[in-house]
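Each remark here refers to the structure printed beneath this line.
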Amino acid sequence: MTTSSSERGVSLGMPQLPAPAYPDDVRAQLETDARDVIARYPDSRSALLPLLHLVQSEEGHVTRTGMQFCADMLDLTTAEVTAVATFYTMYRRKPSGDYQVGVCTNTLCAVMGGDAIFETLQEHLGVGNGETTDDGKVTLEHIECNAACDFAPVVMVNWEFFDNQTPGSAKHLVDDLRAGRPVQPTRGARLCTFKETARILAGFPDERPGAVEEGGSAGPASLVGLRLARGEAAPARVVHPRGGPHGDPQDRVHQPSPAEHLSSHDAPQDTSASDPAHPAGPTAEEGE
């Protein structure tokens, strides 16, 4: 008795069907936007990265249709486009949530609690790495360095910073996102959806009133080295490992003003729960 190839679980390697076309109205708008992007570059193929963000802003991830569109607009092969789209992790290859929640698990963030945050969120949300909650709101992923080590552990949502996080504050953060409550990053503009973020990354202006003015920059802890390099005198400060006051005033921990946002290495601070009652800048009690 013989068995068929399908019964044996053998794939015959049938060729993939051509990518479906965009609806005419969507294609027309994308072509208009794409020409705007391409005109910014002396060599059209240099526009590939922003064009991938553009098609990602349409569907929330880079589809075969989106890659075919980029190839058509730039006179490239789909293989050339696919090679780029699969190289950069900012381009999603499958449907994802409105909010990309990335937990840094690189060395310093991991040591400071990033691994614990990621494990807590996986259990709290019921998803694994790169998976999306059933309501389509949150996609969780562990990511490499966010270039914000002085605010470790760091969580990013749609590439905006949430500094000095703890497992508890990260849970509050994702709960607020799923409930539709307003969430303000530690530094930078208010959040927008992943599709809106992708369009901004494609090079189009953020048209939300006041959003550009909200854009942040490096925090005080990041700028200390720059000030020293410029020869600016830094105020003397001795920080005890646990921030306990001592008899000598020079040994006491610097008490930041309300406007200062220090790093997790400066001294323990109050925990932020990413809600109106707790401004940004979370840390945890010792041992949490």
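The values are calculated or read from the model by the stated rules, or taken from the named source; none is laboratory data. In this text, all values refer to a predicted model and were calculated from it rather than measured experimentally. Cβ: placed from backbone, ideal geometry, glycine included. Neighbour counts: every protein chain shown. Accessible surface areas use protein heavy atoms only, side chains included; no ligands, DNA or RNA. Shrake-Rupley method; radii C 1.70, N 1.55, O 1.52, S 1.80 Å.
Could you check the stretch 186-209 and list, in sequence order, the residues that are assigned to a helix (DSSP H, G or I) and either of a type outside the set (A, V, I, L, M) or surrounded by fewer than 19 Cβ atoms within 10 Å (Cβ to Cβ) (or both)?
Phe194, Lys195, Glu196, Thr197, Arg199, Leu201
Going through Leu125, Leu191 one at a time, which residue ends up being in contact with a Pro (Cβ under 8 Å, 6 or more places away or on another chain) and not aromatic (Phe, Trp, Tyr)?
Values: Leu125 fails: in contact with a Pro (Cβ under 8 Å, 6 or more places away or on another chain).
It is Leu191.
If you go through the stretch 59-66 one residue at a time, do you hit one that is in a helix (DSSP H, G or I), among the hydrophobic types (A, V, I, L, M, F, W, C) and over 27 Å from Pro153 (Cβ atoms)?
no
A quick yes/no check of all residues on (1) of a type outside the set (S, T, N, Q); (2) at pLDDT below 70; (3) over 27 Å from Asn106 (Cβ atoms):
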residue: Ala148; (1), (2), (3): yes, no, no
residue: Ile200; (1), (2), (3): yes, no, no
residue: Ser222; (1), (2), (3): no, no, no
residue: Ala236; (1), (2), (3): yes, yes, yes
residue: Pro256; (1), (2), (3): yes, yes, no
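For the stretch 98-109, what are the residues that are in a helix (DSSP H, G or I) and either under 16 Å from Asn158 (Cα atoms) or in contact (Cβ under 8 Å) with a residue 40 or more places away in the chain (or both)?
Listed by number, the residues that qualify are Leu108, Cys109.
For Leu173, state whether it is surrounded by 12 or more Cβ atoms within 10 Å (Cβ to Cβ) and at pLDDT 70 or above.
Details: surrounded by 12 or more Cβ atoms within 10 Å (Cβ to Cβ): yes; at pLDDT 70 or above: yes.
In short, yes.
Sort out which residues of the stretch 90-116 are open to solvent by 40 Å² or more (accessible area, probe 1.4 Å) and closer than 14 Å to Gly60 by Cα, and write them in order of number.
If the condition is that a residue be open to solvent by 40 Å² or more (accessible area, probe 1.4 Å) and closer than 14 Å to Gly60 by Cα, then Met90, Arg93, Lys94, Pro95, Asp98, Tyr99 are the ones that fit.
Residue pairs, Cβ under 8 Å, 6 or more apart or interchain, first in the stretch 192-212 and within 20 Å of Arg40 (Cβ to Cβ) and in contact (Cβ under 8 Å) with a residue 40 or more places away in the chain, second crowded, with 19+ Cβ neighbours inside 10 Å and aliphatic (A, V, I, L, M). List them.
Close Cβ pairs satisfying both conditions: Ala198/Leu54; Arg199/Leu54; Ala202/Val37; Ala202/Leu51; Ala202/Leu54; Gly203/Val37.
Taking Glu160 and the conditions (1) in contact with a Gly (Cβ under 6 Å, 6 or more places away or on another chain); (2) open to solvent by 70 Å² or more (accessible area, probe 1.4 Å), which numbered condition does it fall short on, given that it satisfies the others?
The single condition Glu160 does not satisfy is (2).
Tell me, which residue of the stretch 123-142 that is touching a helix residue (DSSP H, G or I) at 6+ places or on another chain (Cβ under 7 Å) and among the aliphatic types (A, V, I, L, M) is most open to solvent (accessible area, probe 1.4 Å)?
Among those that are touching a helix residue (DSSP H, G or I) at 6+ places or on another chain (Cβ under 7 Å) and among the aliphatic types (A, V, I, L, M), it is Leu125.
Consider Thr65 carefully, then state whether it is open to solvent by less than 30 Å² (accessible area, probe 1.4 Å) and among the hydroxyl-bearing types (Ser, Thr, Tyr).
Against the criterion (open to solvent by less than 30 Å² (accessible area, probe 1.4 Å) and among the hydroxyl-bearing types (Ser, Thr, Tyr)), Thr65 qualifies.
Could you tell me which of the residues Val84, Val155 is surrounded by fewer than 21 Cβ atoms within 10 Å (Cβ to Cβ) and either under 24 Å from Leu201 (Cα atoms) or among the basic types (Lys, Arg) (or both)? First the steps, then the outcome.
Numbers: Val155 fails: surrounded by fewer than 21 Cβ atoms within 10 Å (Cβ to Cβ).
Result: Val84 is the single residue among Val84, Val155 that is surrounded by fewer than 21 Cβ atoms within 10 Å (Cβ to Cβ) and either under 24 Å from Leu201 (Cα atoms) or among the basic types (Lys, Arg) (or both).
Inside the stretch 176-198, can you point out the residues that are at pLDDT 90 or above and among the aliphatic types (A, V, I, L, M)?
Within the stretch 176-198, Leu177, Ala179, Ala198 qualify.
Mind listing just one residue for me: the one in the stretch 44-59 that is open to solvent by 10 Å² or more (accessible area, probe 1.4 Å) and among the small types (Gly, Ala, Ser) and, of those, farthest from the chain's Cα centre (by Cα)?
Ser44
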